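J.: Have a look at this one.
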Amino acid sequence: MNICINDKIFTIISEVASGESAEAYVIGGWVRDCLLDRNHPEKDIDIVVTGSGIELARKTADKINPRIRVSVFRNFGTAMFRWGDYEIEFVGARKESYRSGSRKPLVEDGTLEDDQRRRDFTINALAISLNKDTYGQLLDPFGGMDDLRKKIIRTPLDPGMTFSDDPLRMIRAVRFATQLRFTVEEKTFKALSENAARIRIVSAERIIAEINKIMMCNKPSVGFRLLEKSGLLAIIFPELDNLKGVEKKDGRAHKDNFLHSLEVLDNIALNTDNLWLRWAALLHDIAKPLTKKYTRETGWSFHGHEYRGSKMIPDIFRRLKLPLNEHMRYVQKLVDLHLRPIVLSQEEITDSAIRRLLFEAGDDIDDLMLLCEADITSKNEKRKMKHLENFAIVREKLREIEEKDAIRNFQPPVTGEEIISTFGIKPGKSVGIIKNAIRDAILDGIIPNEHKAARDLMLRKGRELGLTPLENDPGA
Ligand code: ATP
Ligand code: MG
């Protein structure tokens, strides 16, 4: 018996199918990953059924436990249920034909082989029989096993047609190449480049789901290089594509910001599984083309690219259909702050500069430091070590100051309400002036982060503004 179907769920499906005189096969990702000995955290199982997938799903769930809820998607002819860690999807074997201009195929019932033919890649078309007489047999009409051995991504049918029919498959090809570290076979890649413009008919939601999977790979640059090489990147993510290239003036060149951004992304991927920190790494220099300048005296500069970059992010997120929520604001903040620790590490580090950085970065300070360390892509080992040592000093200083002053989640020790009730004034400009004066004094180390000192400063500042405390003020 094939090791891939050792789990008990497969014998249950097999028994139910034979009682129904339906044929059932495991197909797709489960088979591929099992043959590759790849551990999958999610246990997604796809079952293809000649006959009704929905019926077989219902009967199988019923046999396991009548209380299991089966979700039915009648329009797609599919049904799924969860059992423990498993998520099992049943689909009736089908034959598909496409019309141009749409990703939605015409669908009719078909054989197992018809169904394998509609799959995106040979390695995803492998099926294992769950039928009594052929239980465990591998069904591989397109040489998927061979391609697994050769580590190749190839389409079962003509690649041009496969990609033109459903252009999302082009991004999937790149995603599998990145996840599995496979090569996209030559003809397949050629067709991918030729059909790149077809990606426009695919929704941004489907594309970003695949891009995020690329982002979460061990070495995401592999995917972005393929997207660039095929011409897909220029269409789906022009801002990133724009970072490409090196300009030279008076014999002085700047670095290729596309390759640099990818290197930073790969570096940070070694240290974090936080998708949004990975996005911040990819986007940290996104405004460099906008801010590029050359002067004979100072050479190449990209002044303000961190700020301009953070301002570009909402548009990018909106278009790519990334979430416009706290994740976006986190990415903006890291992009905006990404030079601050570098500047700090190059100067005499003052406590007040450290406090201001802690105040602005808040709880994201550790992520910011990871980003800065990933940003060191110098090939000069000595210089690289020097930068890392400087950052180690910044980190130590951050720790010391945080321990002493607790700035990380700064809460003003005197609130607006206290200012209002002390002077008997209405909310307004004076309250803001006093609050800012207190915050600045704390960040500059002029007063400690404590209520008494802050209150004294409030009274002094109030007097300067012509305010007098009320006689009966409880805090006085
Ligand atoms: P993973 O679950 O790791 O993303 P997978 O191969 O299971 O990998 P799914 O997106 O879950 O990928 O799809 C399941 C199967 O459905 C694939 O293995 C493939 O056979 C088929 N498939 C999915 N999307 C397409 C598509 N756009 N065109 C053709 N076949 C597809
Ligand atoms: Mg899957």
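The values are calculated or read from the model by the stated rules, or taken from the named source; none is laboratory data. Keep in mind that this is a model prediction, so the values were computed, not measured. In this analysis, Cβ positions are derived from the backbone assuming ideal geometry, glycine residues included, and neighbour counts consider all displayed protein chains. These area figures cover heavy atoms from the full protein model, side chains too; ligands, DNA and RNA do not enter into them. Shrake-Rupley method; radii C 1.70, N 1.55, O 1.52, S 1.80 Å.
J.: What does the C-alpha gyration tensor say about the overall shape of the range 416-464? Classify as rounded when a/c is under 1.5, otherwise prolate if a/b is larger than b/c, or oblate.
T.: In terms of gyration-tensor shape, prolate.
J.: Turning to a different aspect of this structure: How large, in percent, is the carbon and sulfur part of the accessible surface of the chain at a probe radius of 1.4 Å? Could the numbers behind the result be given before it?
T.: Values: 11690 of 23970 Å².
Summing carbon and sulfur atoms, their accessible area is 49 percent of the total for the chain.
J.: Can you tell me which of 75-87, 188-200 comes out highest on packing, and rank the rest after it, using the mean Cβ neighbours within 10 Å?
T.: On the way: 75-87: 15.8, 188-200: 18.7.
Highest-to-lowest ranking by the protection proxy: 188-200, 75-87.
J.: Let me ask you something else. Principal axis extents for the range 151-236, Cα atoms only, whole Å, descending order, please.
T.: 31, 29, 19
J.: Between helix 305-320 and the chain, what is the angle of the helix's C-alpha long axis to the longest principal axis, kept within 0 to 90° and rounded to the nearest 10?
T.: So the helix axis and the longest Cα principal axis differ by about 30 degrees.
J.: Here's something else I'd like to know. Just by accessible area at a 1.4 angstrom probe, what is the order of Glu373, Glu55 from largest to smallest?
T.: Glu55, Glu373
J.: Can you give me the accessible area per residue for the range 143-205, using a 1.4 Å probe, in Å²?
T.: Result: 45 Å² per residue.
J.: Below 8 Å, C-alpha to C-alpha, sequence gap of six or more: please give me the relative contact order for the chain in percent. Write down the numbers at each step before the final one.
T.: Values: 716 pairs, mean separation 37.9, N = 476.
It rounds to 8 percent for the chain.
J.: Once R0 is set to 60 Å, what does the formula 1/(1 + (r/R0)^6) return for the Cβ-Cβ distance between Arg206 and Lys386, expressed as a FRET efficiency to the nearest 0.05?
T.: Values: r = 45 Å, r/R0 = 0.75.
With a Förster radius of 60 Å, E is 0.85.
J.: Also: Please tell me the relative contact order of the range 151-236 in percent, rounded to the nearest whole number, where contacts are Cα pairs under 8 Å and at least six residues apart.
T.: 36
J.: Using the Cβ atoms and a cut-off under 15 Å, what net charge is assigned to the surroundings of Lys249, where Lys and Arg are +1 and Asp and Glu are -1?
T.: +3
J.: What value in Å³ per residue do you get for the convex hull of the alpha-carbon atoms in the chain? Before the final figure, lay out the partial values.
T.: Values: hull volume 104.6 nm³, N = 476.
Enclosed volume per residue, from the Cα hull, is 220 Å³.
J.: Considering only the other residues whose Cβ falls under 12 Å of the Cβ of Gly160, what net charge follows from Lys and Arg at +1 and Asp and Glu at -1?
T.: +1
J.: Could I ask something else about it? Suppose each label sits 7 Å from its Cα in the direction of the beta carbon; what would the Ser97-Thr272 distance come out to in nanometres?
T.: 5.1
J.: Follow-up question, since we're still on this one. Estimate the FRET efficiency between Phe76 and Lys311 by the formula 1/(1 + (r/R0)^6), using the beta-carbon distance for r and 41 Å for R0, to the nearest 0.05.
T.: 0.50
J.: What dipole magnitude, in Debye to the nearest 20, does the chain give about its Cα centre under +1 on Lys/Arg Cβ and -1 on Asp/Glu Cβ?
T.: 1240
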